[in-house]
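Novice: Quick one: the structure is below, and I'll ask about it shortly.
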Amino acid sequence: IVTVGRQLHVYDAASWRLRFAPVTLPNTPQRLLVSPDSRRLLLSFGTSGRVGFADSLQLYDVANGKALRGHIELPGPLLALKFAADARRILAVGPGHHETTVLSSPALAVIGSYPNDPYQPVVDADFDANGRDVLLVTRAGDPRLGTDEFLIWDPKADRIRSRHPTGRARPYGIVALPHGAFVAAESHHMVYDGVDLRNILRQDVTSDSAVGVIAASRDGHLVAVASQHAVQLYTADGALIGNPLPVDAPPTDGIAEIAFSDDGQALLARTIWRWQFWPIKAERRPAGQLDTLIARLSVDSEHPQRLIMPSVSERASLRRNDPGAWPALEPRPVPPMAGYGSIDQSPIPNRSANTPAWLMDMTPVYTVGPESVRNSNGTIRPFLRPYPAGVQRFSGIEYDLRGMSEVGQAGFGGGAKCLQMPDGLLVTAVHALLVPVVRTPEAGPITLAEMILHYRDGGSARVPIRTTLEVQGYGANDSAVRQVFSPKLPRSVGFQAEVLAAPRLANPEPKRPVRCVDLRTTGYPMLVLGLTLEPLAPPAPVVISGRNSR
């Protein structure tokens, strides 16, 4: 099951053929979650709700792609979405300033809500093995104002069944097991056996260890916990299994998701840039055979001046166990390029042939392309992923996303650059897709940038871009800001998800043709992903005496 832009594609895994024609969705989805019985699909769309950014949840039938009656909007951005094992309940972990909600499926009716304490909000949750209670982990931003805890909550009765402090572990993730739970934390992990919460040894304590990615096998016998570049396996009672499984990824990359195969014999990890697969089935060969293989690899078993050749039987045994050559990597096709980023000369792909003219072509002002990876030092975002690329639809407006432009640093708008408008198009407003940056949280309007409209008759107009009105100030007063999309990022970026602002910047004089548009900051850098024009609608025809007249 794949989403491509605002289309839903469902393939048969054996033949790789579409089960039915692609289904057009209302917008580009943020999250995709399949029920354990594979009958229902839950999609999350970003939207501006009554109290700020919201996740709009919609259920679909996997058999035909049709929308089901289940639909609800929850304050967002959500930290997690999970189905119960019987697919009859859905758990939505909300942001720190809202709540964790349990929904019925498929109706998406609210069964219960757990309000967050802003000083120790819920950072992760899971249904217990029975699917009745919810296992919660809370974490205090400041230890002086809150407590880190593991809680068992009954959503139907709305009561806490038990409460367990986690000490200085600093928990960030939880997964339910048949007889308890596994709690992932920064200093040490913990196992809940149904009565007590006990600490266990962890082997992968590194500076990048707390990314908050955890998974359990279907039978609950294995648990996988990811650091930024490795995955450690545990038994259900907390015993270590082998050494961490590494991912050969650059420092700017990191593991975003992990999952076991249904039979628990394989593990799959997705980083922002790649996939990693490990076979983890139990070793069934006799211990004597393994000892022989290990002995041949020992540096102490060979004389430094003598090479011991394997015997005929040893050579035959080694060849029988040889898995063969590494599979050849198929080269990725190189799409036609429209240009190159001004910072790193990274490729900018061509626009799709049917892209409308009012989705502005930002090729001349992109600073980096969609496949560029940079060091995070001195940049707003080191890469475009996991934001989608190409023509995307957010909250009813389409944008052409093929790179990023950093305004106010080395990007467009820092000088006298001007992005050309299509000829013959009168513009009512410009819809911008932005990530603002502020030095400190702002609870009121502060002008971060200006959009400058240069008219063809030589005049110009300035439209301000202000915190709490057009873009976020991050000071808990952004409910009026139009926010449209939040990607799923690893927990290493913190518990507050990044959200795109999409202000509608009105043209003060829509009947004057615009030659080009410029964005200039007031000393605050800003990331621009897309600009879309809102054409001036022609006047509606007036019917007089049965004839059309304008």
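Novice: Under a crude label model (7 Å from the Cα following the beta-carbon direction), how far is A63 from D237 in nanometres?
Specialist: Result for the modelled spin labels: 4.4 nm.
Novice: I've got another one for you. Arrange the residues R319, R31, R466 by how much accessible surface each exposes, largest first, with a 1.4 angstrom probe.
Specialist: Per-residue accessible area, sorted high to low, gives R319, R466, R31.
Novice: Regarding the chain, what's the average projected area of the Cα-atom convex hull, expressed in nm²? Walk me through the numbers before you get to the answer.
Specialist: Values: hull surface 137.3 nm².
Projected area, direction-averaged: 34.3 nm².
Novice: Rounded to the nearest 0.05, what FRET efficiency do Y455 and A85 give with R0 = 60 Å and r taken as the Cβ-Cβ distance? Could you check?
Specialist: So the FRET efficiency works out to roughly 0.45.
Novice: Rounded to a whole number, what % of the accessible area of the chain do carbon and sulfur atoms account for, probe 1.4 Å?
Specialist: So the carbon and sulfur contribution to the accessible surface is 53 percent.
Novice: With every protein chain left in place and a probe of 1.4 Å, what is the accessible surface of E99, to the nearest 10 Å²?
Specialist: 70 Å²
Novice: Where the centroid of each part is defined by its Cα atoms, how far is the range 464-486 from the range 144-199 in Å?
Specialist: Taking the Cα centre of the range 144-199 as reference, the centre of the range 464-486 is 34 Å away.
Novice: If you don't mind, there's one more thing I want to ask. If I take all pairs of Cα atoms in the range 113-159, what percentage of them are more than 11 Å from each other? Please report the intermediate quantities before stating the final value.
Specialist: Details: 713 of 1081 pairs.
Counting pairs separated by more than 11 Å, the tail of P(r) holds 66 percent.
Novice: Under a 1.4 Å probe, what is the accessible area of the range 323-380 per residue, stated in Å²? Working shown, then result.
Specialist: Numbers: 3900 Å² over 58 residues.
I get 67 Å² per residue for this part.
Novice: I'd like the accessible area for D361, computed on protein heavy atoms only with a 1.4 Å probe and all protein chains in place. Round to 10 Å², please.
Specialist: My reading of the accessible area for D361 is about 70 Å².
Novice: Which GluC sites (Glu not before Pro) does the range 262-366 hold that lie in a coil by DSSP with at most 15 other beta carbons within 10 Å? Walk me through the intermediate numbers first.
Specialist: Values: sites: E283, E302, E314; in loops: E283, E302.
Loop-located and lightly packed - E283, E302.
Novice: With r defined as the distance between the Cβ atoms of R504 and D344 and R0 fixed at 25 Å, what FRET efficiency is calculated, to the nearest 0.05?
Specialist: 0.20
Novice: Net charge around L43, counting only other residues with Cβ within less than 14 Å of its Cβ (Lys, Arg = +1; Asp, Glu = -1)? It would help to have the intermediate numbers written out before the result.
Specialist: Values: positive: R6, R31, R40, K66, R393, K488; negative: D55, D61, E73.
Computed value for this residue: +3.
Novice: Which of the aspartates and glutamates could be linked to K417 by a straight reach, that is with a Cα gap under 15 Å, when you skip same-chain ones fewer than 8 residues away?
Specialist: Partners found: D361, E406, E450, D518.
Novice: Could you tell me, in Å, what Rg and Dmax come out for the Cα atoms of the range 211-331?
Specialist: So, for the range 211-331, Rg and Dmax equal 18.3, 52 Å respectively.
Novice: Using only alpha carbon pairs under 8 Å that are at least six residues apart, calculate the relative contact order of the chain and give it in whole percent. Present the calculation step by step, with values, prior to reporting the outcome.
Specialist: On the way: 1299 pairs, mean separation 56.7, N = 550.
The value is 10 percent.
Novice: Return the tail of the calculated pair distribution for the range 130-227, meaning the percent of Cα-Cα pairs more than 23 Å apart. Each step should come with its number before you reach the end.
Specialist: Values: 1099 of 4753 pairs.
So the pairs more than 23 Å apart make up 23 percent of the total in the range 130-227.
Novice: Something else now. Sum -39500 (n - 2.57) across every DSSP H segment of at least 4 residues in the chain, then divide by the residue count to get the 222 nm mean residue ellipticity, nearest 500. Intermediate results must be reported in sequence, preceding the final value.
Specialist: Values: 2 runs with 20 residues, N = 550.
The per-residue figure over the chain is -1000 deg cm²/dmol.
Novice: R0 = 60 Å: FRET efficiency of R132 with A316, Cβ-based, nearest 0.05?
Specialist: Numbers: r = 57 Å, r/R0 = 0.95.
Using R0 = 60 Å, I get an efficiency of 0.60.
Novice: Taking the mean number of other Cβ atoms within 10 Å as a proxy for protection, how do you rank 84-96, 38-50, 394-406 from highest to lowest? Can you show the working numbers first?
Specialist: Values: 84-96: 20.5, 38-50: 19.0, 394-406: 23.2.
The densest-packed peptide leads the list: 394-406, 84-96, 38-50.
Novice: Give me the distance between the Cα centres of the range 5-34 and the range 210-258, rounded to whole Å.
Specialist: With the range 5-34 and the range 210-258 each reduced to a Cα centre, they are spaced 28 Å.
Novice: Give me the accessible area per residue for the range 1-141, probe 1.4 Å, as a whole number in Å².
Specialist: I get 43 Å² per residue for this part.
Novice: Order these peptides, 428-434, 17-23, by their mean beta-carbon neighbour count within 10 angstrom, highest first.
Specialist: Taking the mean over residues of other Cβ atoms within 10 Å, the ranking is 428-434, 17-23.
The values are calculated or read from the model by the stated rules, or taken from the named source; none is laboratory data. Model, not experiment: these values are computed from the prediction. Reconstructed Cβ throughout: ideal geometry from the backbone, glycine too, with neighbour counts over all protein chains shown. Keep in mind that these areas ignore ligands, DNA and RNA; they rest on the heavy atoms of the full protein, side chains included. Shrake-Rupley method; radii C 1.70, N 1.55, O 1.52, S 1.80 Å.
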